[in-house]
Structure formats: structure tokens, C-alpha cells
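See structure below.
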Amino acid sequence: MLTAIGDVMRRAYDKGWITTRDGNISLRRKDSDTLYITPSGWRKTIIHPEHVVRLKMGDDGELTIPDGVTPSGELEMHRLLQIENSATRAVVHLHPTHIVAAMFAGWDLQRLAISFPEVSRYTRVGPSVPVLPATSKDLAEGTYNAMTDLMGNRIYDIVGQAAHGVCAVAKDPWAAYEHIERLDHICEIVLKSGVRPDNFAKPV
Ligand SMILES: [Zn+2]
């Protein structure tokens, strides 16, 4: 599954969803205290298992970061979404072009998703996170809060992050990638249709 981290990054780069050093992925296996996460600043097109950073997560959810190790700048977003550990989980953060463009154009991703069965059957789209600085605690907490209910149970598979990207969660990196791909596809369709958010009528 560590190999999939690099494979997903290369696919995302080929799709134009990240520039060379963007994006990050974490992975935590069920009942494991190891959090795997992509390194900061590394060229994501050449990520292989030996480049993936390994961090120990304590029972309190805090991470130990050894000297000289530089995990992704979005570590806090991954940490919050990886604390709950009843199942193996991948968290994928990318900048998919059409999703970011649709948000920029004023589309509500949740409203859009319920209009397209190819998304709504398989992918639960949460409320988008407002514009917040990349790598900030606010972005980490805003993303976590958008993904979960008040009890901390995750209720969505993907949320948009305005003027930035998305965060998707699934059982492995490719499954998270599929949530992103489905949503990006309908965003591309809607943008190409020329329909504007303010005169959008939900299909019946
Ligand atoms: Zn980002």
C-alpha cells in the first residue's frame, strides 16, 4: 500500500491536479501506531516507499517527529483525520483542477454532487472549507470539522477547500483517489456545460 502513495501522486501529476511538489498523502493501518506520510517539499513524481516518512502516533494522538525528518506541511490535517484508528485509512490531499475551478466559480459541491448519480452513489461530498492559509491549523481543523460530525465520526469521503484543493479519505490511496476523480469529473462536465451556479436547476 506504500507503493500506492507514489503511484497516486504520479497519476495526480499526470492529470494536472498538482504541480511537482504539491499534494500529500498519509496512511495508517488498523491498530497500528505508525503514521506514514509524504515528505515536505519532495518532488511528488519520484515518491517511492523508501521516501515515505514514518511517525509514531501515541495513544493521545500526538506524533513524535524524529530530528531531520520533514513530514508534509499539512501534517496536522492528516493527524486529526488519522487519530481514529478502527480501520486502515488513507488521507489524500490534492489540488484537482476542475473541483477548485468549480468552487472558484461559485458552485456548491454538495449541491452539485447530489445531481449526479455517478458521484452520489459512491462518494459522500461534505461542505466545502472556506479560503484558509495552506498548512495552517485553521485549514487542518476546518477540514476535519467539515469531514466529521460533532461526535468526531467521519460522515463524508471528500471535502473541497476553497481556492486550494480537496481532502479525501478512504481505505487506501487509490480508493481516495477515486472519490476525487468522480467529483472532478462532474465538475469538469458542469464547467464545460456553461451553466452558471445562479441559474442551475437540479435535474429531476
Ligand atoms: Zn495543498
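The values are calculated or read from the model by the stated rules, or taken from the named source; none is laboratory data. Because the structure is predicted, anything quoted here is derived from the model rather than measured. All Cβ positions, even for glycine, are placed from backbone atoms using ideal geometry, and neighbour counts span all protein chains on display. Heads up: the accessible areas ignore ligands, DNA and RNA and are worked out on the full protein's heavy atoms, side chains in. Shrake-Rupley method; radii C 1.70, N 1.55, O 1.52, S 1.80 Å.
Could you check segment 101-139 and list, in sequence order, the residues that are assigned to a helix (DSSP H, G or I), within 15 Å of the ligand (Cβ to nearest atom), within 29 Å of M1 (Cβ to Cβ) and open to solvent by 50 Å² or more (accessible area, probe 1.4 Å)?
K137
Right, H98: open to solvent by 30 Å² or more (accessible area, probe 1.4 Å), in contact with a Leu (Cβ under 8 Å, 6 or more places away or on another chain) and either of a type outside the set (K, R) or farther than 21 Å from M147 by Cβ (or both) or not?
yes
Taking the conditions exactly as written (at pLDDT below 95, touching a Pro at 6+ places or on another chain (Cβ under 9 Å), surrounded by 15 or more Cβ atoms within 10 Å (Cβ to Cβ) and β-branched (V, I, T)), does I47 satisfy them or not?
Judged against the criteria, I47 is a match.
So, in segment 1-42, of the ones that are buried (at least 17 other Cβ atoms within 10 Å of the Cβ) and among the hydroxyl-bearing types (S, T, Y), which residue ends up farthest from E76 (Cα to Cα)?
Among those residues, the one meeting the criterion is Y13.
Does any residue in segment 183-199 that is more than 16 Å from W17 (Cβ to Cβ) come within less than 9 Å, Cβ to Cβ, of a residue that is at pLDDT 90 or above and open to solvent by 60 Å² or more (accessible area, probe 1.4 Å) six or more places away or on a different chain, and which pairs are these?
Partner pairs satisfying both residue conditions: P197/D108; P197/R111.
Restricting the first residue to segment 41-69 and requiring it to be part of a loop (DSSP other than H, G, I, E, B), which pairs with a second residue that is open to solvent by less than 90 Å² (accessible area, probe 1.4 Å) and of a type in the set (K, R) meet a Cβ separation below 9 Å and a spacing of at least six or different chains?
Qualifying pairs under 9 Å: I47/R10; G61/R79; E62/R79.
Is it true that some residue in segment 178-185 is part of a helix (DSSP H, G or I), exposed (fewer than 13 other Cβ atoms within 10 Å of the Cβ) and within 16 Å of the ligand (Cβ to nearest atom)?
No - not one qualifying residue is present in segment 178-185.
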